[in-house]
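The block underneath contains the structure these notes are about, expressed in structure tokens.
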Amino acid sequence: MKVEVDQDACVGSGQCLLTAPDVFDQRDEDAIVELLDAEPPAAQHQVVRHAATGCPAAAITVHEH
Amino acid sequence: MTLAAQRPQLPFTRPNLLELAPFYEVLRREAPIAPVTTPAGDPAWLATRYAEVRQLLGDKRFGRSHPEPEQAARISLAGIQDGPSGSYDSEAAEHARMRRLLTPAFSAKRMRALSGHVQELVDGYVDEMLAEHDAGGGQVDLHAHLAFPLPVAVICRLLGVPEADGEYFRSLSDRMATYSGQDAQDARIEFGRYMAGLAEAKRADPGEDVITDLVRAQAEEEDFGYEEMVRLCVGLLFAGHETTVNRIGLGTLFLMTRRDQWESLAADPDGRIDAVVEEMMRMGAPGDLGLLRYAHEDVEIGGATIERGDAVILSINAANRDDTVFSDAEDFDPDRTERGHVGFGHGPHFCIGASLARTELRAVFTTLARRIPQLRMAVEMDELDIRTDHITGGVRSLPVAW
Ligand code: HEM
Ligand code: SF4
């Protein structure tokens, strides 16, 4: 799995790091998403998918395989 | 007769605080974007289905301002969400500034750091509830002892507002959100004056708080107007307590009327709490209207043509109970697997205080479940003192016992 985030689209909701804290973080200065792990291990895949569908700005893209 | 010819008038009568008007079910199925009449008597569109509500919330062709504000449909006789707000030309820039200035202060990380303080506050309020229970007749008002003081104390601390002013700004908020016409407008103006006074006090004597930051930013940024700053501060203080006070009350009612859910929370507070809070966010449906937008362009959606300038009311309450998305949508079921409720909105206006609200709700319900597992309502649902003619509704008191 490959994960991408669009920092321009992100609205800083913090939803993703609540869902998958090992994969997403928020910058301190503006709360915009930061990707911690662009190729998360299999154990993370389900929560990453939830983070992507739950993102209110559709700023997270997941490429399976 | 078709729905279009009827233009049913909002609000639709609901059976009680926890259920929605059955008519929403009909609208979702037959007219997801329905022509309606606002409580103020003007035409508007009402969106009720999850797919359309979510799509509209993410659509940049809608805003809170109106190209010709004097022509805009009026929504209600309250002092907020009554009609368009902000200026059509500068809305996007002003909104971007608001997000930039406020989002970091309420980020998930900051709120996590605040959770110890929130927990201490909750423990203090629950101590008082227990003492009051032992001293008095065994009945305690959960609204007055916990649901109200907690969000007020937390938002006061973050914004740098004196907690002693709580009763005062609560009554202003209450009046501003009541469908009373002139009095609601007066309250909004008075709230603005109160905030301007507070802002000036911060300018003279800065603190480490959000209002001080906003005063500083306004002084530094040329196109950041004074009125806009005051409007922001009022909005924050209002949104920062009203919604959460309400949700603690509704959450309590959901759990007290579903004993099995309460008991499983009490059996495993830390394990159950996140799912319980999300279900409270999905099912909790304060108020009888919805989020408000005006079309900035003509838009085709759900079989309707929304014209530039039209008002659209987005019923997140109805969307969150769309049974094509949430199975057995009327059941309070924390174990459901579907996610993505729109209780905090969606898209560019997604609630800035979501992490704060979740932190407070988690602390409240884990603590009650742990310390007062025998908690129950002391009155029947239909005996509750409910705020009618009010944007978010909610109770004035919540008598409980154990
Ligand atoms: C359970 C409690 C809460 C609920 C249910 C709630 C709900 C919402 C919803 C639905 C929206 C979207 C409005 C729209 O799209 O028109 C929103 C926006 C907002 N909320 Fe909350 N909220 C809660 C708590 C808070 C708190 C504690 C704060 C304090 C910081 C807050 C501040 C805001 C602000 C500033 C916005 C406007 C964001 C924007 O327009 O970009 N909310 N809230
Ligand atoms: S959930 Fe989406 S909008 Fe929120 S912080 Fe993560 S990427 Fe940004």
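Per-structure values
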item: Distance from region B:214-288 to region B:322-352 (C-alpha centre basis), Å; result: 15 Å
item: Least to most buried among A:LEU36, B:LEU398, B:LEU77 (fewest other Cβ within 10 Å first); result: A:LEU36, B:LEU77, B:LEU398
item: Considering only chain B, percent of DSSP beta bridges that pair antiparallel, nearest 5; result: 85 percent
item: Shape of region B:270-376, Cα gyration tensor, a/c cut at 1.5; result: prolate
item: Cα→Cβ-extended label distance, 7 Å offset, between B:ASP205 and B:ALA96, nm; result: 3.8 nm
item: Rounded if a/c under 1.5, otherwise prolate or oblate - the protein assembly as shown, Cα gyration tensor axes; result: rounded
item: Sites A:THR61 and B:SER397 - FRET efficiency at Förster radius 56 Å, r taken between beta-carbons, to 0.05; result: 0.70
item: Computed lengthening from B:THR37 to B:GLN139, 0.36 nm per intervening residue step minus Cα-Cα distance; result: 32.4 nm
item: Exposure proxy ranking, count of Cβ atoms within 10 Å, fewest first, for B:ILE352, B:ILE313; result: B:ILE313, B:ILE352
item: Gain in span if fully extended, B:GLN182 to B:ARG258, counting 0.36 nm per residue against the direct Cα distance; result: 23.3 nm
item: Degrees separating the helix A:45-54 axis from the principal Cα axis of chain A, which is the longest one; result: 40 degrees
item: Dipole of chain B, positive direction: furthest Cα of B:THR37, B:MET256, B:ALA319, with charges on the beta-carbon; result: B:ALA319
item: Inter-site label distance for B:GLN6 and A:LYS2 at 7 Å from Cα along Cβ, in nm; result: 5.3 nm
item: Mean ellipticity per residue at 222 nm, deg cm²/dmol - from DSSP H runs of n ≥ 4 across chain A, formula -39500 (n - 2.57); result: -6000 deg cm²/dmol
item: The protein assembly as shown: antiparallel DSSP beta bridges as a percent of all, rounded to 5; result: 90 percent
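Laboratory data are not the source of any read-out in this text; all were calculated from the coordinates shown. Keep in mind the model is a prediction, meaning the values are calculated, not measured. Cβ coordinates were reconstructed from backbone atoms using ideal geometry, including for glycine residues, and neighbour counts include every protein chain displayed.
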